[in-house]
Amino acid sequence: MTKTEQGICADTVVSCKDLLPCESDNKTCIHPNTICVGYTRCRIPVCYPIDYTSSDRCPPVTSRTSILTIGPTIPLLTTNLASSTTATTSNSVTSTTAYVPSRWLNISSMNFARYGHTASILADGKVLVTGGMDSSGSTNSAELYDPLTDIWTSTGNMTFQRFYHTASVLSNGKVLVAGGYVYSGYSNTAELYDPSTGVWTRTGNMNSQRFCHTASILRNGKVLVVGGVATISPLNTAELYDPSTEVWTRVSNMSFKRQHHTASVLTDGKVLVAGGYGYSGSLSSVELYESEANIWTKTGSLNTDRYYHTASILTDGKVLVVGGYTYGGNLNSTELYNPLTQIWTTTGSMNSERQRHSSSLLNDGKVIVTGGYSSSGYLNTVELYDQVTELWTKTSNMSFQRQHHTALVLTNGKVLVTGGYMANGTLNSAELYA
């Protein structure tokens, strides 16, 4: 918690409907980890979450009483920090009240609506969003989000319009964008963004046109691009980009042609490619790439064939694959890959079936899954996976239904969700899970 001479500072704006009122004395909150504040957005004193206050804004609080300032100064209000328990006698605690406000916060919208875009965290903590698709077609626009100011700023345009491309943050801080679909068709072009200048420059072209592919940064700093589709055919080709030479080199082909698959860099440096869509439909096949030997080896197959799924590397090194689509319909099933045994085991099922969603590993080790599409339509539902219990729990819904969006964990631990597509069209909205 922090304060100025006028009160506490926060970098998060919370809707009044998501805040509970203070006690009748207009000073006290019984809800854990909250403080009673005078908040100009609300008609009455409310209990504001302490976790949403920001030390980036002003010096630390030294007293247990203060008031909240968000933006303009607001009237002073003496407050008391909330206790984490509620006691009925001086000697015993009879209950603990969990205060869980809506975890989703609407923030500034992007300058352009887009889906099928990319979002990358830069070294300074800002987020670079590139390309995508809107009602007019693919775009070459790029913009930066600053979490400290909640402002989106346009930056240099890419040389080519593109969507369903990949973006990789290199060890030198530059961002490599490769492939995708451009106005003239499938692309093999690649370009580099320099955050220090805001300028894009062409770099070496890939050997194959591709979109709906994956890109993985290896331990040696090179980028492995795998699969995708060109014309109407899925690909089994793979190639490596060397940032020092800006040259792409073909490597061994995968055993299976695939698009809409996932690729995960394991703790031993190997790349696990799972599922996807091939010539015969959705795939359960999985293979491993070892860069030093330049070989692909088959490993244990998924229990359920799927594409439009997600994959997350957990803190114990296992890989969690979530949802997706198969010929039987949308999936709520999830499974874990153990690199030591090379075996997939089913784990807890999500509460909602979904495809074209996003998955992010939180700082506490849980995995958050957002949005997507199901048989009931576009989704704004959100779930958390606990790798200890292997159970999924629902959490607060996003404000907007969305699929083909991006979600990534910021340096402050919050999750930024951008853009996507819903029944009313393409979105420029963004939200934070805090």
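The values are calculated or read from the model by the stated rules, or taken from the named source; none is laboratory data. As the structure is a prediction and not an experimental result, all values here were calculated from the model. Neighbour counts run over all protein chains shown; Cβ positions are idealised from the backbone, glycine included.
A single entry from V199, V226 fulfils the requirement of being touching a residue at least 24 places away in the same chain (Cβ under 8 Å) and closer than 24 Å to I295 by Cα: V226. Of all the listed residues (N207, N188, N220), the sole one being farther than 30 Å from T334 by Cβ, part of a loop (DSSP other than H, G, I, E, B) and in contact with a Gly (Cβ under 7 Å, 6 or more places away or on another chain) is N188. Can you report the number of residues in region 258-267 which are in a loop (DSSP other than H, G, I, E, B) and crowded, with 23+ Cβ neighbours inside 10 Å? Number of matching residues: 2. Taking G324 as the residue in question, decide whether it is under 21 Å from the mean Cα position of the chain (by Cα) and crowded, with 18+ Cβ neighbours inside 10 Å. Yes; evaluated as a whole, the condition is true for this residue. In summary, T393 fulfils each of the numbered conditions (1) in a loop (DSSP other than H, G, I, E, B); (2) among the hydroxyl-bearing types (S, T, Y); (3) farther than 24 Å from T166 by Cα with the single exception of condition (1).
Residue-by-condition table, conditions (1) more than 17 Å from the chain's Cα centre (by Cα); (2) part of a strand (DSSP E or B); (3) modelled with pLDDT of 95 or more:
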site: L384; (1), (2), (3): no, yes, yes
site: V388; (1), (2), (3): yes, no, yes
site: M398; (1), (2), (3): no, no, yes
site: V417; (1), (2), (3): no, yes, yes
site: N428; (1), (2), (3): no, no, yes
site: L432; (1), (2), (3): no, yes, yes
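Listed by position, the strands (runs of 3 or more DSSP E) enclosed by region 134-183 that each have at least 1 residues that are surrounded by fewer than 20 Cβ atoms within 10 Å (Cβ to Cβ) are 142-146, 151-155, 166-169.
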